[in-house]
1. From the list B:K272, B:K263, which residue is assigned to a helix (DSSP H, G or I), touching a residue at least 24 places away in the same chain (Cβ under 8 Å) and more than 13 Å from B:P201 (Cβ to Cβ)?
2. Within segment A:39-48, is even one residue farther than 30 Å from B:S44 by Cα and either away from chain B (no Cβ under 12 Å) or outside any loop (DSSP other than H, G, I, E, B) (or both)?
3. Open to solvent by less than 10 Å² (accessible area, probe 1.4 Å) and in contact with a strand residue (DSSP E or B) (Cβ under 8 Å, 6 or more places away or on another chain): which single residue out of A:D127, A:D144, A:D118 fits that description?
4. Counting only residues that are open to solvent by 30 Å² or more (accessible area, probe 1.4 Å), part of a loop (DSSP other than H, G, I, E, B) and under 30 Å from B:R48 (Cα atoms), how many does segment B:67-83 have?
5. Suppose the filter is at pLDDT below 90 and either closer than 29 Å to B:G199 by Cβ or of a type in the set (D, E, K, R) (or both); does B:E286 pass it?
6. Residue check, B:Q268 against (1) open to solvent by less than 10 Å² (accessible area, probe 1.4 Å); (2) polar (S, T, N, Q); (3) closer than 17 Å to B:K26 by Cα, all met but one. Which one?
7. Name the single residue that is farthest from the other protein chains (Cβ to nearest Cβ) among those in segment A:14-38 being among the hydrophobic types (A, V, I, L, M, F, W, C) and without any contact (Cβ under 8 Å) to a residue 40 or more places away in the chain.
8. So is A:N57 without any contact (Cβ under 8 Å) to a residue 12 or more places away in the chain, over 20 Å from the mean Cα position of the chain (by Cα), surrounded by fewer than 17 Cβ atoms within 10 Å (Cβ to Cβ) and over 29 Å from A:L169 (Cα atoms) or not?
Amino acid sequence: MEFVSPEGLRLDGRRPTEMRQLRAEVGVVAKADGSASFEMGNTKVIAAVYGPREVQNKGQQMNDQALVRCEYSMANFSTGDRMRKPKGDRRSTEISLVIRQTMEACILTHLMPRSQIDIFVQVLQADGGTRSACINAATLALADAGIPMRDLVTSCSSGYLNSTPLLDLNYVEDSAGGPDVTVGILPKLDKVTLLQMDAKLPIDIFENVMQLAIEGCKAVANYIREILLENTKQLEFRRGV
Amino acid sequence: MVGLSLGEKNFIKGGIAQDIRTDGRKRLTYRPIFVETGVIPQASGSARVKMGATDVIASVKAELGKPNASHPDKGKVSIYVDCSPTAEPTFEGRGGEELSMELSTALQRCLLGGKSGAGAGIDLSSLSIVEGKVCWDIYIDGLVVSSDGNLLDALGAAIKAALSNTAVPKVQVAANASLDEQPEVDVSDEEFQQFDTTGVPVIITLTKVGRHYIVDATAEEESQMSSAVSISVNRQGRICGLTKRGGAGLDPSIILDMISVAKHVSEQLINKLDSEIAAAEACEEE
């Protein structure tokens with residue numbers, strides 16, 4: 001199947017190095033300490049952060065740092081075929097672990113000992129790149145909750161089909177069987193905090209594909225900074241400054 | 001939820017007794033309702049309803065299936081609610097299962113009628129395509145995104161809105177199918193049929209706090225309730241289902257009084273919902 005037409009257009013009309021449209025909103029779940037919704041094309045996720053709060057399970061309490069927990073769940077209606085089990089299956093458990101490790105690396109946990117930070121991510125619509133959208137949403141939610149972080153964490157995926165590196169794969173491109181590289185970075189510190197790939201890729205091409213994903217992450221970081229700036233201006237306005 | 005102090009509890013109960021609730025509403029006033037339809041493009045129909053801080057999404061998916069042997073001329077509808085942990089940290093893992101089951105069964109009771117399928121809010125016979133062989137399976141999925149009380153009413157409203165937004169494709173059956181083989185069904189990509197939602201009821205939950213009942217309780221007010229009765233009423237003013245929650249016993253005369261209050265409130269709610277749904281659909285078309 002042809003994923004990149006001879007004119008250089010993908011199935012949804014994008015160029016190979018073009019990201020899908022990003023849309024984000026902060027403060028969507030009123031009861032949570034911090035929340036955000038993030039859309040990358042047709043992939044929509046909501047993240048809610050509860051914390052720092054008292055540790056529920058005293059056995060897991062850590063005396064020198066905060067405990068970070070994460071749960072990823074997909075809505076029944078999020079995929080094309082209706083899903084039976086929204087959570088608890090192996091893919092969800094793996095993604096929960098990945099998001100937790102990524103966010104834990106950037107939260108300044110030593111500032112909040114003996115406390116717990118819960119990150120809950122809910123996928124409303126899945127069209128490829130759910131992992132990345134969840135990490136981006138979690139970053140915004142943590143910022144909304146006022147939890148101290150080293151840097152924003154942004155994530156984006158890229159692949160290689162029809163001998164072309166493609167940025168931000170959607171579901172059709174992802175299920176094509178080609179490689180899918182997901183990268184998460186700390187943009188200001190310029191460090192990679194998440195790197196996952198499936199299928200196989202020659203090493204020199206891998207470097208190009210990873211670099212493309214990193215560029216995508218930086219673009220997401222710029223967008224997230226704009227959203228947070230806008231949000232802060234709104235808050236100032238409401239305070240009457 | 002953070003616990004309430006004694007002073008706060010008295011404030012809530014006292015306010016309700018004097019017909020002024022914490023947010024200024026009267027006992028029988030609903031919070032502002034926002035309806036958005038078509039939020040899930042890949043579903044046959046969907047809606048998002050916000051009542052204050054309560055936020056729920058309902059999606060309707062229509063798939064072809066085989067009817068039950070006991071009801072060959074009727075389609076099948078199944079309702080399933082999921083409580084997302086974004087609404088409450090306690091819903092993490094399997095914590096939300098109990099509430100999900102409670103909400104799912106209450107909605108099924110209100111919308112789907114009895115075991116024989118009689119009196120259902122949704123006309124199941126309209127979902128049959130070929131009697132005994134092919135019918136529409138309607139899967140209604142609800143998701144609680146944010147919870148601030150009154151989940152049942154919000155889910156009922158969301159399901160009603162999602163059903164009005166649902167377009168079931170027109171089907172053509174191959175005429176020369178023999179009796180025992182599966183007939184060929186051609187699902188149209190272009191022609192759709194809107195779902196008929198005039199018979200779909202709304203759910204009104206009356207929460208008893210002290211000696212008075214309130215409508216559309218917030219989570220704080222629900223924590224002070226002695227019992228709650230959820231009544232499902234349709235446009236003709238008929239009761240389609242009844243669920244009582246909470247441990248305190250109720251005198252039968254009080255229940256009858258609650259039912260008449262619910263009927264009275266339902267007229268306003270149905271009108272409000274219909275106008276919100278129409279506005280949302282108009283917005284979506286733009």
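1. B:K272
2. Scanning segment A:39-48 turns up no residue that is farther than 30 Å from B:S44 by Cα and either away from chain B (no Cβ under 12 Å) or outside any loop (DSSP other than H, G, I, E, B) (or both).
3. Unique residue meeting the criteria: A:D118.
4. Qualifying residue count, segment B:67-83: 1.
5. So B:E286 fits the description; yes.
6. That leaves (1) as the condition not met.
7. Among those residues, the one meeting the criterion is A:V28.
8. Yes; evaluated as a whole, the condition is true for this residue.
The values are calculated or read from the model by the stated rules, or taken from the named source; none is laboratory data. Note that the coordinates shown come from a computational prediction; the quantities given were computed from them, not determined experimentally. Methodologically, a virtual Cβ is constructed for each residue, glycine included, from the backbone with ideal geometry; neighbour enumeration extends over all protein chains shown. Keep in mind that these areas ignore ligands, DNA and RNA; they rest on the heavy atoms of the full protein, side chains included. Shrake-Rupley method; radii C 1.70, N 1.55, O 1.52, S 1.80 Å.
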